[in-house]
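Below is one structure, written out as structure tokens; the observations come after it.
The values are calculated or read from the model by the stated rules, or taken from the named source; none is laboratory data. Keep in mind that this is a model prediction, so the values were computed, not measured. Cβ placement follows ideal geometry from the backbone for every residue including glycine, while neighbour counts extend to all protein chains displayed.
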Ligand SMILES: [Mg+2]
């Protein structure tokens, strides 16, 4: 099984809640969709960036999504006692059962 492992920090100087991080996650997902729509020409505008620049912008937005997802995981752990490591194991098991691995 090929894996991609990323490590993202717990952001300090913020007091996130489940609701604020969930909203932020949707906001960042929207920015990712907007970047793809704009820079892949889906909105009909001419794209005058090289593909490498386009992919850099899309990657930047994707990492914002990942950072916000990780921030929400910290909230679930710290405010609600969720065991993310255990949930991650169950997630992998679910993928295996569905035949995705
Ligand atoms: Mg963003």
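Observations on the structure shown:
- In the range 9-24, the count of residues that are more than 16 Å from the ligand (Cβ to nearest atom), at positive phi, exposed (fewer than 12 other Cβ atoms within 10 Å of the Cβ) and modelled with pLDDT under 95 is one or more.
- Just one of the listed residues (27, 61, 77) is surrounded by 14 or more Cβ atoms within 10 Å (Cβ to Cβ) and within 16 Å of the ligand (Cβ to nearest atom), namely 61.
- Residues of the range 6-57 that are closer than 22 Å to residue 78 by Cα and either in contact with a strand residue (DSSP E or B) (Cβ under 6 Å, 6 or more places away or on another chain) or assigned to a loop (DSSP other than H, G, I, E, B) (or both): 6, 7, 8, 9, 10, 11, 12, 13, 14, 15, 16, 17.
- Of the residues contained in the range 64-72, none is found to be at pLDDT below 95, part of a helix (DSSP H, G or I) and out of contact with any strand residue (DSSP E or B) (no Cβ under 6 Å at 6 or more places or on another chain).
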